[in-house]
1. Among the candidates Y184, Y137, single out the residue that is of a type in the set (F, W, Y) and within 28 Å of N109 (Cβ to Cβ).
2. List pairs: first in the stretch 223-245 and farther than 22 Å from E207 by Cβ and touching a residue at least 12 places away in the same chain (Cβ under 8 Å), second open to solvent by 40 Å² or more (accessible area, probe 1.4 Å) and among the aliphatic types (A, V, I, L, M), Cβ under 9 Å, 6+ apart or cross-chain?
3. Looking at A80, A135, A106, A91, which one is more than 18 Å from the chain's Cα centre (by Cα) and either closer than 19 Å to D277 by Cβ or not β-branched (V, I, T) (or both)?
4. Within the stretch 164-176, count every residue that is open to solvent by less than 60 Å² (accessible area, probe 1.4 Å), over 14 Å from V147 (Cα atoms) and in a helix (DSSP H, G or I).
5. Starting from residues that are open to solvent by 10 Å² or more (accessible area, probe 1.4 Å) and assigned to a helix (DSSP H, G or I), keep the ones in the stretch 100-121 and report whichever is farthest from N301 (Cα to Cα).
6. Please identify the pairs in which a residue from the stretch 183-199 that is over 12 Å from K146 (Cβ atoms) and open to solvent by less than 10 Å² (accessible area, probe 1.4 Å) has its Cβ atom under 9 Å from the Cβ atom of a residue that is modelled with pLDDT under 95 and in a helix (DSSP H, G or I), counting only partners at least 6 apart or on another chain.
7. So, of the residues in the stretch 234-289 that are polar (S, T, N, Q) and not in a helix (DSSP H, G or I), which turns out to be modelled with the lowest pLDDT?
Amino acid sequence: MSDIIGITMGDPCGVGPEISVRALADMSPAERQRTRIYGNLATLEAARAVLGLDLDLSPNIVDLPLEGAPLPWGRLSSVAGDASFRFIERAVRDAQAGVIGCIVTAPINKEALNSAGHHYDGHTGMLRSLTGSKAAYMLLASERLKVIHVSTHVSLQEAIRRATTERVLATIRAGDAHLRRVGYASPRIAVAGINPHCGENGLFGTEDDDQIAPAVAAARAEGIDAHGPISADTVFHRAYSGAFDLVVAQYHDQGHIPIKLVAFDTAVNVSVGLPIDRTSVDHGTAFDIAGKGIANHGNMNSAIAYARKLVAGRSEQG
């Protein structure tokens, strides 16, 4: 399996090209040899110029066509949305073929993506579709807090509907398997409740008792060190303080808010359950600062470091 990391540069009008180029510039020569950026060379050269960097990009670029490149920075564009899809599609095919070992994605714009006819809720759904996977889970990883989600980009009403025993159990299993893969011998997993105080014995809803508690019991019966449901207003603090290695969040905001509070610039988005590995920055296209050379690439560096950890771990297992 390849140890090459493939970075998809994201929406050509956003900060993705800048943070990709800056991350490449930060690398040692050896690391650079094991890195490819899937994107458009003219756009990446424009980003390099904005950053004032003296760096030969051509050896590291999988150059894909983009009409009118470089496009204006900071503008919503269906052309850019289509390009961001094609960059990811090519990287996925190369990952499936073993050409690269892990994909690291820079941010895409969901509105631009959908206006180009690619109807996905984001990277995770797109990657699930491209790989033919039945399920994929979003895990946000920081040094002191890690969260995996039962559902993500759906309405709160739909998220509650999706919090079935089967789905919660599958999420617990996926999180346990991923943490074992990255070095946890017996991950301690907390499962957040969905209602205030986990429903207070049915006073505020019965979903925690009827749907979530049975999933935790089933996971424990399989030998997984799962606990819960635990009230969401305390579980993240307990995990951040070291009591748990992972929290299963029931919906998007429940998991994203605590992570972005404590690790806004360093948290890494990891797709769990796919046949290929993928990490990502945990921020958007930032059209308001695109092309100004001021975007922080620390999150991209964290995503790349996590990707290299996954590739190295797979090599050791192999």
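1. Values: Y184 fails: within 28 Å of N109 (Cβ to Cβ).
Of the residues listed, the single one that is of a type in the set (F, W, Y) and within 28 Å of N109 (Cβ to Cβ) is Y137.
2. Y240/V262
3. On the way: A135 fails: more than 18 Å from the chain's Cα centre (by Cα); A106 fails: more than 18 Å from the chain's Cα centre (by Cα); A91 fails: more than 18 Å from the chain's Cα centre (by Cα).
When all the criteria are applied, what remains is A80.
4. At the first step, the residues of the stretch 164-176 found to be open to solvent by less than 60 Å² (accessible area, probe 1.4 Å) are 164-165, 168-172, 174-176.
With over 14 Å from V147 (Cα atoms) added as a condition, the list becomes 164-165, 169-170.
Of the ones still in play, those that are also in a helix (DSSP H, G or I) are 165, 169-170.
The number of residues fulfilling the criteria is 3.
5. Within the stretch 100-121, the first condition is being open to solvent by 10 Å² or more (accessible area, probe 1.4 Å), and the residues that meet it are 108-111, 114-121.
Within this subset, residues satisfying the condition of being assigned to a helix (DSSP H, G or I) are 110-111, 114-115.
Details: K110: 23, E111: 26, N114: 28, S115: 30 Å.
Out of the qualifying residues, it is S115.
6. From residues that are over 12 Å from K146 (Cβ atoms) and open to solvent by less than 10 Å² (accessible area, probe 1.4 Å), the pairs are G193/G199.
7. First, the residues of the stretch 234-289 that are polar (S, T, N, Q): 234, 241, 250, 254, 266, 269, 271, 279-280, 285.
Going one step further and asking which of them are not in a helix (DSSP H, G or I), we end up with 241, 250, 266, 269, 271, 279-280, 285.
Working: S241: 98, Q250: 98, T266: 88, N269: 94, S271: 95, T279: 97, S280: 95, T285: 96.
Among residues in the stretch 234-289 that are polar (S, T, N, Q) and not in a helix (DSSP H, G or I), the one modelled with the lowest pLDDT is T266.
Residues checked against (1) among the hydroxyl-bearing types (S, T, Y); (2) farther than 20 Å from L261 by Cα; (3) modelled with pLDDT of 95 or more:
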position: A135; (1), (2), (3): no, yes, no
position: L140; (1), (2), (3): no, no, yes
position: R144; (1), (2), (3): no, no, yes
position: I148; (1), (2), (3): no, no, yes
position: Q157; (1), (2), (3): no, yes, yes
position: R161; (1), (2), (3): no, yes, yes
position: V168; (1), (2), (3): no, yes, yes
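The values are calculated or read from the model by the stated rules, or taken from the named source; none is laboratory data. Everything numeric in this text was worked out from a predicted model, so none of it was measured. In this analysis, Cβ positions are derived from the backbone assuming ideal geometry, glycine residues included, and neighbour counts consider all displayed protein chains. For the accessible areas, the whole protein counts, side chains as well, though only heavy atoms, and no ligand, DNA or RNA atoms are used. Shrake-Rupley method; radii C 1.70, N 1.55, O 1.52, S 1.80 Å.
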